[in-house]
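The structure appears below as structure tokens.
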Amino acid sequence: MTSTGSQVRATGTPTVAMRDIRKSFDGVPVLRGVDFEVRAGEVHALVGGNGAGKSTLMKILLGVYTRDAGEILIGGEAVRLASRKDAKAAGIGMVFQEFSLVPTLSVAQNVFLNAEVSRWGLISDRESRRRAREVFASMGVEIDVDAVVGELSTAYWQLTEIAKALARNARILVMDEPTASLARHEVGALFDLLDRLRDQGMSIVYISHRMEEVYRIADRITVLRDGARLFTRSLAQVTPAQVVEGIVGRRADGGADPQRRAPAGDAAVLLEAVDLRAGDRVNGVSFQLREGEILGVAGLMGSGRTELARCLFGIDRLDSGQLRLRGRPVRIGNPRAAQRAGIALIPEDRREQGLILDQSVNDNLLLPLLGQLRHGPLLDLAAGRRLARDLIDRFGIRVAAPDQPVRRLSGGNQQKVVIARWLGTQPKVLILDEPTVGVDVGTKAEIIAITRRLADTGCGVIVISSEFAELLAVSDRVLILRGGAVVDEMARAAIADEESLQLAVQGVEA
Ligand code: ADP
Ligand code: MG
């Protein structure tokens, strides 16, 4: 093979080699013979749609799950990895999305929490602080090791997690969506750290849905689809479009749909908000939403976006102002009233507010429809099952069976359950708060398409998003929210690009 340029820094034998890994859950194959290897001094991106098997593959490497078949070599030697302990001993560390830190303890105490006591005996406070400082110094990170973790920002939690792995001499680091909870400047710092660890010869597995990040940080990429490896390539040899196509299994077009036309200016006004005020976060919001229109809401964190959604859906009380539906004043005192009026909200924190994780897909889908399915004291179960089946098909929700608990679905499929279930109620106004956070590019495109189809049937849609590209792809018009008030309103056609939207949101004159 010819040299591929400076992109590929990794050389030598793989540190980790997973061969022909197989795993089934309840008889359903999730990994169908996957090969995956990471070299020393390499950042290897692992990508794939929701449910492709990324987390399962990594949990096998971390000793959380045992494989049904296949072989794992670390530094050329076959290992068993029957437990987390085995994996740690083999030098494999993980930085989870959910941090494993104790917030009331100091940074140093967390770094050495449950450390190998047998080898060191009880290490003294002074010794652990000294070692913690050493580890952070090797990471090039300035941090007060005596600070209480709970009082630091999430960026420092993550650094503490990484330090924890390094303190245990991890040579292999697995990171699952590590930038999901970071601010932009923190992402840069994390990447500098990863570069540094790579130069020190670490092997890093980087799971992410974000292509720019993958191209910024990784040397090679492996794409999984439906539990099988599609390809492993150097990033110098594969375009982002090829990667995305690999993930979704077809050409993905996240751009604006040329077919879609904004509703005519004389389309009937569906929902009108007049000077809404609530608490200190909603300070005078007025807008009109027309039939068949998709209205984007852009604003920085704390601009009142989510609070506005909560008022429109009756979760929070309005202090003053008026809402009109088709010209008639309505009072939305609680979510039930909102639902009766034909307003649906798909909340930002779906796992908390949207779903009952331990109940079946079926039950979750039918929750808002129970009134409709009730005949006297009885529920029409057969009709319920038909309805659920129909929603599962229409929204392409990937389930083993409708009785499967929602907890078992991948994040993207959980999100589709939330959307499907509210669309089952046939709302007139649909509010989506951050609809595509944490879902893969394929599901993202599907959700955008579903939203458009819905608007085409006359439904009015409000999309709140912090992703400017998504707002531009989906909206007919964008409201700019700042300090809890609408400060500007822009037709989609009048917004040149993401950057002009960003400037508008930040209140900078272009
Ligand atoms: P990814 O991380 O690529 O989104 P996962 O590895 O989490 O994918 O999931 C792959 C498939 O395995 C999904 O269909 C998921 O529902 C299933 N799965 C994962 N963990 C379990 C489990 N503990 N029990 C049953 N099914 C599971
Ligand atoms: Mg996963």
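With a 1.4 Å probe rolled over the protein heavy atoms of all chains, the accessible area of His209, His185 falls in the order His185, His209, largest first. Per residue, the convex hull spanned by the alpha carbons of the chain comes to 179 Å³.
Averaged over its residues, the stretch 355-426 has an accessible area of 50 Å² per residue, based on protein heavy atoms and a 1.4 Å probe.
Rounded to the nearest 500, what is the chain's calculated 222 nm mean residue ellipticity when only DSSP H runs of at least 4 contribute -39500 (n - 2.57) each, over all residues?
Calculated mean residue ellipticity at 222 nm is -9500 deg cm²/dmol.
Within the full protein context, the accessible area of Val487 is estimated at about 70 Å² for a probe radius of 1.4 Å.
Rolled with a 1.4 Å probe across the full set of protein chains, the surface gives Tyr215 an accessible area near 60 Å². Sequence-distant contacts, meaning Cα pairs under 8 Å at least 6 residues apart, place the relative contact order of the chain at 15 percent. When the trypsin sites (Lys or Arg not before Pro) in the stretch 415-457 are filtered for DSSP coil states and for at most 14 other beta-carbon atoms within 10 Å of their beta-carbon, no site remains. Within straight-line reach of Lys416, meaning a Cα separation under 29 Å, sit the following lysines at least 8 residues removed in sequence or on another chain: Lys23, Lys54, Lys59, Lys428, Lys444.
The trypsin sites (Lys or Arg not before Pro) found in the stretch 38-89 that occupy coil by DSSP, while having at most 14 further C-beta atoms within 10 Å, are Arg80. Ordering Val269, Val38 by accessible surface, largest first, gives Val269, Val38; the 1.4 Å probe counts only protein heavy atoms, with every chain in place. Label-to-label distance, Val148 versus Arg389, with points set 7 angstrom from Cα along the beta-carbon direction: 5.7 nm. How many percent of the accessible area of the chain is carbon or sulfur, using a 1.4 Å probe? In the chain, the share of accessible area belonging to carbon and sulfur is 48 percent. A Förster distance of 56 Å, applied to the separation of the beta-carbon atoms of Ser100 and Ala493, puts the FRET efficiency at 0.70. The chymotrypsin sites (Phe, Trp or Tyr not before Pro) found in the stretch 390-485 include none that occupy coil by DSSP while having at most 11 further C-beta atoms within 10 Å. Solvent-accessible area of Glu293, all protein chains in place: 10 Å² (probe radius 1.4 Å, heavy atoms, ligands and nucleic acids excluded).
The values are calculated or read from the model by the stated rules, or taken from the named source; none is laboratory data. For clarity, every value in this text was computed on a predicted model and none was experimentally measured. All Cβ positions, even for glycine, are placed from backbone atoms using ideal geometry, and neighbour counts span all protein chains on display. Quick note on the areas: whole protein, heavy atoms, side chains included, nothing else; ligands and nucleic acids left out. Shrake-Rupley method; radii C 1.70, N 1.55, O 1.52, S 1.80 Å.
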